[in-house]
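All of the numbers you see were taken from the coordinates with simple rules; none came from a lab. Model, not experiment: these values are computed from the prediction. In this analysis, Cβ positions are derived from the backbone assuming ideal geometry, glycine residues included, and neighbour counts consider all displayed protein chains.
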Amino acid sequence: MPSLSRCRQARCLVFVAQVVGLFVAFYFYVLLRIRPELFYQQKPDVFLFDGYFCAIHLDKPGGPVEYASAFLSPLFAFGWLGAAVVTVLTALICLAFRLVLADKGGHAVFLIPAVLILMVMGRYNHPVRLCVGLAVVLALGGAYVRTGRGTPAVRLAAFVIVSGLAYYAAAGLYGVFAVLCGVVEWRVRGCRSAAVCCVLSAVAVPLVAGVWLCELNVQEAYRGMFLPAERYWLAIPSSALLSKSLRAALLLFFPVAALTVGWRRRRACLPAVALETQTPHDDRPEDAAEATWRPASGLRLTVLSAALLVSVAVADALLFDVSTKNLLLVASSAEREQWADVLTYARRLPPADAWNVFQVNRALYHRGELLERMFAYPQVADSVATLTLQSQNLTATAQQVPLEFGDMLFDLGRINESQHMAYEAFELFGARPGTLKRLVDLHAIKGEPDAARRFLAVLERSLLHRSWARDRLLLLDADPTLAGVVAVASRRALMVERDFSGKLTLEPMLAQLLERNPRNRMAFEYLMAYYLLTRQVDKLVANLRRFDDFGQTRLPRHCEEAILIHLDAAGPSGHDLGGRRIGPETRQRSVEFVQAAERFQGNATAAFAALHGGFGDSYFFFYVFGHNDPRLAAARPSR
């Protein structure tokens, strides 16, 4: 019939336009708003091309999905490619669910999982394993739906076979497959006993196949169903309850939607079985479905698509984890040494956070601005952890922030301690590529090329880092000391020749580094910053001679301000500035600050509020009030 053919073509065009348009929008939202490369920052998996790596994944339930996920995860290092991976996986999930629903009526319910996946990603929970697992179990669910023409015995045999495949491939996500099959048996085929068996298998199969046969613990047997435990602090959800709720909503959506669609079909007296289950000569149900389709269906689909877009906008406004995104952006920028970006993103975070201030100070140093602009950013007196993240003892630091603390120690030249942190990170977080590369350089600095080659052998088999590893192996073969590698040679010149005998606190550690190499600029500037933070201006003045080691005649602004404070208290006699002069601008600003502060004698809160706007970026202000963060004004005593 020409009219039916035209309806079929029109519906197909509307369907294609709807799916393509929505997933193009999906791709750009992931690329520009979520920034998929941040998932690689969270979890930079190393995928190895060797039989052992494959075997350790494929010898247990859920292994195939984990292996595929391990291959896809490194692709997130490239934002455009990571967005493409998530978009394709989500499209496969939606189309596979449409196959399970056997939807021929143009409903948009099969696209709702895309919105839920965006909500899960918006909390920065890594999406790859979840998406790969759902794509697999929904595709197998669609395959089971196509067995509708068989007898109950045939369907039971098919369910057993497909169940084995589903559980082996996806482990705990098998529960979604089993419950969906139960919904199909009950609402579509009217077989309640089969439905009960399917639903019960969602619990029984992991216990029998996983716990009993494969000797897994219960958590491993249901792996993939629940939010995975993370050890790296930037991968831990900022709100575990919200993240678990969104994940549960996504998983529960599939059986609930299938149940609802089946119930509506029965109420509307529409055909309850899929087109694939009909006999070849029985085309009346399809004709009836075609006859009910009108051009107005295109409008309905457009409205439903618009509703999906609106729901994404609402979810973004209410649920998107902006704080975690900015934390990841700061970490990613610091790892790439994009220090201007570190300062940009750090301004969007709570300034009182020690890790954030640590990255700010680190960026300022690498931009040559630490002693010039340090107090243009929130600082708190005596919080020396904001310089290196070092806790009261090395063990606590190693358990909390081994990656960041190890980077700082490496930059300073504390090679043994940096190696300690690298191995702690390896133990805690696994074979991250940055950790492996750092261990290569550390062993080369210490003259241990054979140990460096062991880590290069791992990187040489990886997906993204094999070129780097091969180049470094060639350099190592030519020169075991890697004297031509700037990162290695420069740290070797800074490396202390003996371990520190006492407690590894910041001041003596930096002093030892300067004793080893007086031209260790980072150690010197961090020592001066330490004296500024602890308001030990006398020690800062006593170390002014060290500027001669760097041929620096002009004093940084904050050092000038500290000197004026010291001279005001101790008097000008007996203090040699080494021929350096304090700039007239700094002197003028000191006079203005003192005059302004005298108007608020006895009222520290009013003085803080009044002076912060004009002097909040000066050391004068910090020295008097002990911090320059307006949110702490009532909590910090003035000096």
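Data table
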quantity: Spacing of the two label points (7 Å from each Cα toward its C-beta) at Arg33 and Arg348, in nm; calculated: 1.4 nm
quantity: HN-Hα J in Hz across region 25-35 - Karplus 6.51, -1.76, 1.60, θ = phi - 60°, x for Gly and Pro; calculated: 4, 4, 4, 6, 5, 5, 5, 9, 9, 7, 6
quantity: Unit charges on C-beta of K, R, D, E only; dipole of region 451-510, Debye; calculated: 240 debye
quantity: Virtual spin-label span in nm between Ala340 and Trp233, 7 Å along Cα→Cβ; calculated: 3.0 nm
quantity: From phi via Karplus (6.51, -1.76, 1.60), per-residue ³J(HN,Hα) for region 236-252 in Hz, x at Gly/Pro; calculated: 6, x, 5, 9, 4, 4, 5, 5, 5, 5, 5, 5, 5, 4, 5, 5, 6
quantity: Neighbour-count order for Cys54, Cys181, Cys198, fewest beta carbons within 10 angstrom listed first; calculated: Cys54, Cys198, Cys181
quantity: Calculated over region 506-632: convex hull of Cα atoms, volume per residue (Å³); calculated: 118 Å³
quantity: Most to least packed among 318-328, 591-601 [average Cβ atoms within 10 Å]; calculated: 318-328, 591-601
quantity: Rounded to whole Å, sorted largest first: equivalent-ellipsoid semi-axes of the chain, Cα gyration tensor; calculated: 61, 30, 20
quantity: Simple label model, 7 Å out from Cα along Cβ direction - Leu81 to Gln536, nm; calculated: 4.9 nm
quantity: Stretch gain in nm, segment Leu207-Ala483, where the contour uses 0.36 nm per residue and the Cα spacing is subtracted; calculated: 93.7 nm
quantity: Region 339-430: relative contact order in percent, alpha carbon pairs under 8 Å with at least 6 residues between; calculated: 20 percent
quantity: Contour minus Cα-Cα distance for Ser311 and Val88 (0.36 nm per residue); calculated: 78.2 nm
quantity: Residue-wise HN-Hα coupling along region 561-569, computed from phi with Karplus coefficients 6.51, -1.76, 1.60 (Hz; x: Gly, Pro); calculated: 5, 5, 5, 4, 5, 5, 5, 5, 8
quantity: Full-extension gain in nm, Ala17 to Leu58, via 0.36 nm per residue minus C-alpha separation; calculated: 10.9 nm
quantity: Region 386-493, relative contact order [Cα under 8 Å, separation at least 6], %; calculated: 21 percent
quantity: Amide hydrogen neighbours beyond the local backbone of Val380, cut-off 5 Å, H modeled; calculated: none
quantity: The chain - mean residue ellipticity at 222 nm from DSSP helices (-39,500 (n - 2.57) per run, n ≥ 4, rounded to 500); calculated: -20500 deg cm²/dmol
quantity: Charge dipole of the chain about the Cα centre (unit charges at C-beta), most positive-ward option of Leu241, Ala354, Ser490; calculated: Leu241
quantity: Förster radius 60 Å - calculated FRET efficiency between Arg6 and Ala376 (Cβ-Cβ, nearest 0.05); calculated: 0.30
quantity: Within region 1-93, chymotrypsin sites (Phe, Trp or Tyr not before Pro) in DSSP loop having at most 12 other beta-carbon neighbours inside 10 Å; calculated: Phe49
